[in-house]
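First the structure, in the form of C-alpha cells, and then the observations on it.
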Amino acid sequence: MEGGSTIVITSASDIIVARELGRKIGKELNFSLTDLTIIATVISELARNIIVFAKQGNIVIETIRQGKKVGIVITAIDKGPGIPDIFLAMQDGYSTGKGLGLGLPGVRRLVDEFEIFSETAKGTKVLAKKWLL
Amino acid sequence: MEVPILKQSDYLIATIQAALTDEDLLKLHYALVEQVGKHRSKGVIIDVTSLDIMDSFATRTLRSLVHMVKLRGADTVICGIQPEVAFTMVQLGLTLEGISTALDLEEGLALLFKSNNKKRKI
C-alpha cells in the first residue's frame, strides 16, 4: 500500500472533506467519472455510519497495487459500540439508526471487495476496495 | 452555503450546490415549507444538477422534503440527477419512488405547468 491519507471524522462537514479527498485520489489514478462517484458515495456512507453510531472515527484512503492492478482502499475505523449482528446489518432495509438501512449492503454492492470486522463495545472496521479496470 | 430559492410565478426553484452540509439541507426544509405558504406556490423545483453524489442521507432528506412540501399543498419535481449519480443510486438501492423527476430545469417547469393546468380544469 502507498499514499495513505487519514481523515478524522467528528462532524458532518468532515464527511465532505473525506469524500472530496477520495475523489481527488481516485482522479489521480484515472478512475472514470462513474467510479469516482461510487468512491465518493462509499466514503460518504461509511463516514456517516461513523458519526451516527460511533460519534467519531477515521477514514483512511489508500492506493493499492497488485501486479498490474491498481485500486483504492477505503477503510473506516471507529471505537464505537460495534455491530452486534453483522449478518443482520448486511441485510437490505435493516436499520437501527435513522438511515434507510441501505448503507452497508449498498456499499458492498458498489465495491469489488468488502470486509467488515466488528466487536461489541470495541468498535468496527470496514474495508472497501475498488479496482481500476 | 445556503441553498438559494428563486420565485418564478407560481413556482419556487431551489438550486442545490455541490458539497452541501447536512445543516444546509435541513435549513432548506424549513425555508421551502415556509416559502410555499408565503408565496402561495403551486410547485417546487429542486435542481440537483451540480450535486456530485446522492447518498442514503441525501435521498432520505429529499424524500421527506418532497412530502413536507406536498402537505403544504404544492408539488415537487427533482431535476438534474447526473447519469453517474443515477447509476450509483440504483446500485446502492436508493429510489425516489412516487417522486416526480425531470431531466433538467426546463423539463421540470414544463411538468409542473402541466400538472397545475390539469388541477385548474377540475
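The values are calculated or read from the model by the stated rules, or taken from the named source; none is laboratory data. Bear in mind the structure is a predicted one, so any value in this text is a computation, not a measurement. Cβ placement follows ideal geometry from the backbone for every residue including glycine, while neighbour counts extend to all protein chains displayed.
If the condition is being in contact with a Gly (Cβ under 6 Å, 6 or more places away or on another chain) and within 14 Å of another protein chain (Cβ to nearest Cβ), then region B:77-122 contributes B:Leu92, B:Gly93.
Here's the yes/no breakdown for (1) under 18 Å from B:Asp22 (Cβ atoms); (2) assigned to a helix (DSSP H, G or I); (3) of a type outside the set (Lys, Arg); (4) within 14 Å of chain B (Cβ to nearest Cβ):
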position	(1), (2), (3), (4)
A:Asn30	no, no, yes, no
A:Ile39	no, yes, yes, yes
A:Pro81	no, no, yes, no
A:Gln91	no, no, yes, yes
A:Leu104	no, yes, yes, yes
A:Val107	no, yes, yes, yes
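Residue count for region A:23-78, restricted to those that are surrounded by fewer than 16 Cβ atoms within 10 Å (Cβ to Cβ) and charged (D, E, K, R): 7. The condition of being in a loop (DSSP other than H, G, I, E, B), closer than 28 Å to A:Val52 by Cα and either aliphatic (A, V, I, L, M) or at pLDDT 95 or above (or both) holds for only one of B:Leu25, B:Leu51, that being B:Leu51. In summary, B:Glu84 fulfils each of the numbered conditions (1) buried (at least 18 other Cβ atoms within 10 Å of the Cβ); (2) at pLDDT below 90; (3) of a type in the set (D, E, K, R) with the single exception of condition (2).
Scanning region B:1-22 for residues that are outside any loop (DSSP other than H, G, I, E, B) and more than 14 Å from every other protein chain (Cβ to nearest Cβ) yields B:Ile5, B:Leu6, B:Lys7, B:Gln8, B:Tyr11, B:Leu12, B:Ile13, B:Ala14, B:Thr15.
Based on what the data block shows, is A:Leu100 modelled with pLDDT under 95, surrounded by 18 or more Cβ atoms within 10 Å (Cβ to Cβ) and within 13 Å of chain B (Cβ to nearest Cβ)?
Spelling it out, A:Leu100 is indeed modelled with pLDDT under 95, surrounded by 18 or more Cβ atoms within 10 Å (Cβ to Cβ) and within 13 Å of chain B (Cβ to nearest Cβ).
Within region A:109-124, can you find the residues that are within 25 Å of B:Met89 (Cβ to Cβ) and not in a strand (DSSP E or B)? Selection gives A:Arg109, A:Leu110, A:Val111, A:Asp112. Evaluating A:Ile51 against the criteria (1) away from chain B (no Cβ under 13 Å); (2) part of a helix (DSSP H, G or I) leaves one unmet condition, (1). Just one residue in the set B:Met68, B:Met54 is within 14 Å of chain A (Cβ to nearest Cβ), hydrophobic (A, V, I, L, M, F, W, C) and either out of contact with any helix residue (DSSP H, G or I) (no Cβ under 6 Å at 6 or more places or on another chain) or farther than 18 Å from B:Lys114 by Cα (or both); that residue is B:Met54. Hey, could you check region B:30-48 for residues that are out of contact with any helix residue (DSSP H, G or I) (no Cβ under 9 Å at 6 or more places or on another chain) and in a loop (DSSP other than H, G, I, E, B) and say which is surrounded by the fewest Cβ atoms within 10 Å (Cβ to Cβ)? Checked region B:30-48; the qualifying residue surrounded by the fewest Cβ atoms within 10 Å (Cβ to Cβ) is B:Arg40.
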